[in-house]
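Chemist: Below you'll find the structure I mean.
The values are calculated or read from the model by the stated rules, or taken from the named source; none is laboratory data. Computed from a predicted structure; not experimentally measured. As a convention, Cβ positions derive from the backbone with ideal geometry for all residues, glycine included, and neighbour counts pool all protein chains shown. Side chains are part of the model used for accessible areas, which takes the heavy atoms of the whole protein and leaves out ligands, DNA and RNA. Shrake-Rupley method; radii C 1.70, N 1.55, O 1.52, S 1.80 Å.
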Amino acid sequence: MQEKICFTQKELARRWTLSHRTLERWRWEGKGPSFMKIGGRVVYRLEDILRHEAEQLHQSNSLSSQRVS
């Protein structure tokens, strides 16, 4: 079985549990992962999705992770 290397807008929206309209807005605003337009269809490469997900990682700001004086 071949690994999926491109996602449609709706497939990516399902992966991230958000509206496909949000992805449309992000493209308009220049946000979100890089995308390709092929034959009028928007597709997202898995490598760009994974890169964008990695860029969204944040460290916890909880008090338990801060030094107490």
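Chemist: Per q in 0.12, 0.17, 0.21 1/Å, what log10 I(q)/I(0) does a Debye calculation on the alpha-carbon atoms of the chain return?
Modeler: Calculated log10 I(q)/I(0) at the listed q: -0.42, -0.67, -0.90.
Chemist: What is the angle, in °, between the Cα long axis of helix 20-29 and the longest principal axis of the Cα atoms in the chain? Nearest 10 is fine, range 0 to 90.
Modeler: That helix lies at roughly 80 degrees to the long axis.
Chemist: Quick one: accessible area per residue over the chain, 1.4 Å probe, rounded to a whole number of Å²?
Modeler: Heavy-atom SASA per residue in the chain reads 85 Å².
Chemist: Taking the Cα centre as origin and putting +1 on Lys and Arg beta-carbons and -1 on Asp and Glu beta-carbons, what dipole magnitude results for the chain, to the nearest 20 debye?
Modeler: 220
Chemist: Sort 52, 20, 58 by accessible area with a 1.4 Å probe, largest first.
Modeler: 58, 20, 52
Chemist: If you roll a 1.4 angstrom probe over the protein chains with everything in place, what fraction of the accessible area of the chain belongs to carbon and sulfur, to the nearest %?
Modeler: In the chain, the share of accessible area belonging to carbon and sulfur is 52 percent.
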